[in-house]
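Following: one structure in structure tokens, then a few remarks.
The values are calculated or read from the model by the stated rules, or taken from the named source; none is laboratory data. As the structure is a prediction and not an experimental result, all values here were calculated from the model. Reconstructed Cβ throughout: ideal geometry from the backbone, glycine too, with neighbour counts over all protein chains shown. SASA here: full protein model, heavy atoms, side chains in, ligands and nucleic acids out. Shrake-Rupley method; radii C 1.70, N 1.55, O 1.52, S 1.80 Å.
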Amino acid sequence: MGVKTYSQEIESPVAAARLFKAFCLDNHNVFPKLMPESFKSIEFVEGTSVKAGSIRQFNFSDGYQCKDAKNKIDELDLANFYCKYTTTGGDMVDGKYECLVSETKFYPKGSGSVCKMTTHVHPLPGTEFNEEVPKMGQEKLKDMPDAIPE
């Protein structure tokens, strides 16, 4: 089975720079506070800040579709509000996927912004592929922009 790609664009009244900071630079603080039903904690496994090469462990709340995920930040472009990371560990991918490659890009639009999220799913050979998995992750983030702190 080949790579499957899912994309979604979300418009928000929140400025691109503010969303980029919350979603990409400070998500280890913001996500558990704004979405405790989904995120228990996000910790750095390698590195101490959000920069290319850092690895983060996402620990999901009880009752969430999976327990944990590990991702490595591949690219971070502060000037263009872009982040690319690869999820290769945790029960989100173990035994199902080689990896999930995600890209998030924020564009200014009027006084607000547009967030484009793209996920490239690399399933392991012979595994059942659940198309809802990447969609669920993107949907969880859909309602969050309005709650982003200043």
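Summary table
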read-out: Order by protection proxy (mean Cβ within 10 Å, highest first), peptides 96-102, 25-31, 5-11; value: 96-102, 25-31, 5-11
read-out: The stretch 1-107 - convex hull of alpha carbons, volume per residue in Å³; value: 116 Å³
read-out: Members of Lys72/Lys116; Lys70/Lys105; Lys72/Lys109 lying beyond 26 Å, as alpha-carbon distances in this model show; value: Lys72/Lys109
read-out: Per-residue SASA entry for Lys84, accessible area with 1.4 Å probe, Å² rounded to 10; value: 50 Å²
read-out: Estimated FRET transfer efficiency (Glu75, Lys40; beta-carbon r; R0 35 Å; 0.05); value: 0.85
